[in-house]
Amino acid sequence: MQTDTLPREDEETTLPQVRDEEGSLNGAYLAAVSEAIETSDAERLRVLIGDLHESDLGDVLQAISREEREALIALMGGDFDWTALTEVDETVRDEILETIPNTAIAEAVRELDSDDAIGILEDLADEDREEILAALPLAERIKLERSFDYPEESAGRRMTTRFIAVPPFWTVGQTIDFLREDDRLPDDFTEVFVVDPRFCFLGTVSLDRLLRTKRPVRIEEIMGEVTHSVSATDDQEEVARLFERYNLLSVGVVDESDRLVGVITIDDIVDVIEEEADEDIKRLAGVGDEELTDTFVSAVRSRFIWLLLNLGTALLASAVIGLFDGTISQMVALAVLMPIVASMGGNAGTQTMTVAVRALATRDIETINPIRFITREALVGLANGMLFAIIIGVVAGLWFSSTQLGGIIAVAMIINMVAAGLAGILIPLALEKAGADPAIASSVFVTTVTDVVGFFAFLGLAAWWFAIS
């Protein structure tokens, strides 16, 4: 965003840039916002944030303190863009909504598209949500309540109920006149949807085709068939996959009677893709739905259970080491080298597991033979195991002046790398078959396998070698 020049008190005041060259919020801009809030300068604040995109305003809300957020909203009054609440972390949104009367939230919701309104209302307590819905006009309340009847993270929760639907017998001229004259239409749209008298979904007409067709032509003659539609109960991730596969800009949402009840557009799907990717990454690390704005206590609580589970698996690996305490006491070098085998196996297993979990999430694994995938990962593990076996074997042999020790750790490295490759693919597949989420549970099981196999292979081979020597 370039520096703007806007009048203030009959003078020209140069505004600081909202973002710096790297795309981050500009410190000088945030300082100006904070100063306007501190001095209760509502006019200056409107100049600074009045024309911001909701995404930029959301970032500003997250960058300032809780007290400053409350003051900002109060100073902006009716000029505050409530859509920005859909762009902030859930923790920040909850803090903001806690300070605002339900009557004010109801007024704000009336100005929002239904999908944005749902995004704000679904995190509220049931009694607050009911009070807000009761304050809305009947037609708007019915639309929102119907959306809440659908499951969370479904197409019904993501759709907007503001779309353009016309009958098939209308002419192109009638449709264009309707688009020009009706002020209740959505601000942005790319398609006109065609429905019958029962509102059953018949087809779509893109704007470019509509504008290139003569006025007397009937809509049914130029509409495209319904090649892509989604049910209101479909999971939002499946809908996102449909957009990705067919490069869609919008898609109609139908109910169980095939009636058109809403539309999902690409801007909402971009948010879905980001949310799902963010969720998968966090689950792989065992931090749940933790956000940067969460409190210290919330962060501790969300991580504790996962770390406790990891402690249990670490005790299992330690128990394996305890089986060979006599062998370790005979040669201290084993204690020095054994973490290398387990660590390399853990990293290799994580690599395979990440590829496998992603393939399961995107359903890519369904397009190939799983046996091929498993075989490939086993061969990758074997190849990498042999390469690193040579490296660590030479290093260990020279370090401790023992070719036998170098050979032992080399063989153990091969065994554990193959086990890591197999565990990284088989464990996510097994969890998927069992109905569990591979993104949540895979990492702890894969790490356990690579630790146990790595320690057992290395120390077991060493114990066997000492026994026959």
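The values are calculated or read from the model by the stated rules, or taken from the named source; none is laboratory data. Given the structure is predicted, the values throughout are model-derived calculations rather than measurements. Reconstructed Cβ throughout: ideal geometry from the backbone, glycine too, with neighbour counts over all protein chains shown. We work out accessible area using only protein heavy atoms, side chains counted, and drop any ligands, DNA or RNA first. Shrake-Rupley method; radii C 1.70, N 1.55, O 1.52, S 1.80 Å.
Points worth noting:
- Only helices enter this figure: runs of n ≥ 4 DSSP H residues, each worth -39500 (n - 2.57), summed and divided by the residues of the chain, yield -20500 deg cm²/dmol at 222 nm to the nearest 500.
- Derived scalar couplings ³J(HN,Hα) [region 380-391; Karplus, 6.51 cos²θ - 1.76 cosθ + 1.60; whole Hz; x for Gly, Pro]: 4, x, 5, 5, 5, x, 5, 5, 6, 5, 5, 5
- Accessible solvent surface per residue of the chain, calculated while the other protein chains remain in place, 1.4 angstrom probe, Å²: 53 Å²
- 3J(HN,Hα) from dihedral phi, region 307-314, Karplus parametrisation 6.51/-1.76/1.60, rounded to Hz, x for glycine, proline: 5, 5, 5, 5, 4, x, 5, 5
- By a 1.4 Å probe calculation restricted to protein chains, Arg376 has an accessible surface near 120 Å², given to the nearest 10.
- Accessible area (Å², 1.4 Å probe, nearest 10) - Trp306: 40 Å²
- Hull volume in cubic angstrom per residue (convex hull over the Cα atoms of region 308-458): 97 Å³
- Amide N proximity, region 203-218 versus Asp177 label position 7 Å along Cα-to-Cβ, cut-off under 19 Å: 210-218
- Residues whose placed amide H lies under 5 Å from that of Leu202, excluding near-sequence neighbours: Val194, Val195, Asp196
- Where only C-alpha atoms are counted, convex hull volume of the chain per residue in Å³: 218 Å³
- Ordering Lys214, Lys433 by accessible surface, largest first, gives Lys433, Lys214; the 1.4 Å probe counts only protein heavy atoms, with every chain in place.
- Exposed-loop-free span, longest in the chain, where GluC sites (Glu not before Pro) count as exposed if DSSP calls them loop and at most 11 other C-beta atoms lie within 10 Å: 257-469
- Relative contact order of the chain, defined on C-alpha pairs under 8 angstrom at six or more residues apart (%): 10 percent
- Neighbours of Met159, meaning other residues whose beta-carbon lies under 9 angstrom from its beta-carbon, give a summed charge of 0 when Lys and Arg score +1 and Asp and Glu score -1.
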